[in-house]
1. Remind me, relative contact order of region 97-218 in percent, using alpha carbon pairs under 8 angstrom and six or more residues apart?
2. Arranged from highest to lowest average of other beta-carbon atoms within 10 Å per residue, in what order do the peptides 111-124, 179-192 appear?
3. For region 55-184, list log₁₀ I(q)/I(0) at each q in 0.16, 0.22 Å⁻¹, using the Debye formula over Cα point scatterers of equal strength and ignoring solvent, two decimals each.
4. Just to verify a number: FRET efficiency for residue 186 and residue 140, C-beta to C-beta distance, R0 = 41 Å, to 0.05?
5. Relative to 2.2 N^0.38 Å, what does the C-alpha radius of gyration of region 171-213 come to as a ratio? Two decimals please.
6. Would you please state which residues of region 169-185 a label at residue 31 would reach in this model, taking the label point 7 Å out along Cα→Cβ and a backbone N cut-off of under 18 Å?
7. Could you state, as a whole-number percent, how many of the C-alpha pairs of region 96-135 are farther apart than 11 Å?
8. Averaged over all directions, how much area does the convex hull of the C-alpha atoms of region 123-171 cover when projected, in nm²?
């Protein structure tokens, strides 16, 4: 957590320095929204043995506000669900009971995009922030286990400008919906989120997610 605070401090300091000449750094279309689909691979110990697969698909929604040319405050939320047959605590054998786990991670942080002008075809980006994961574990008709855990998340990837690839559609989006630019976003996320386990040890609800989706600036 101390590393996260230090990293966020550096990002905020850099962002503030970049935003000092506010007129020079004014952003004509500061808002953006995105929709993505990703493959999430949990870092939870014994995940593959319990759920019989490495991970699963999750949809994600995001929004950001650019307070300087390259700096944005960004927030995103996703939904992940997995199910399998529960295993006996002593024998480890499969039982007839089904266990269903739901995770809803929400992240808020800073994003830095290496963009020099609005017509740039490929725009690399990095980001880091605070993540909260709401979780729910249900085993058949037993009482649900619910809660929340906090941690950090980092991200990186590229935005590919679509306007030049399909100018007519881009023009229609601007006229009808006020969308100035559309991007295809490829992204990887890394997260570390520890939740207290029933035996006193921590359970990592973080992991790695690979995403692809669309981003719209307006």
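1. 21
2. On the way: 111-124: 14.2, 179-192: 18.7.
My ranking of the peptides, most packed first, is 179-192, 111-124.
3. Taking Cα atoms of region 55-184 as identical point scatterers yields -0.91, -1.30.
4. On the way: r = 39 Å, r/R0 = 0.96.
Given R0 = 41 Å and the Cβ-Cβ separation, E is 0.55.
5. In units of the 2.2 N^0.38 Å rule of thumb, it is 2.10.
6. It comes to 173-183, nothing else.
7. Working: 570 of 780 pairs.
Cα-Cα pairs of region 96-135 separated by over 11 Å account for 73 percent.
8. On the way: hull surface 27.1 nm².
It is 6.8 nm².
Each value in this text was obtained by applying a stated rule to the coordinates, not by laboratory testing. What you see is a predicted model; the values in this text were computed from it and never measured. Note that each Cβ is placed from the backbone with ideal geometry, even for glycine, and that neighbours are counted across all protein chains shown.
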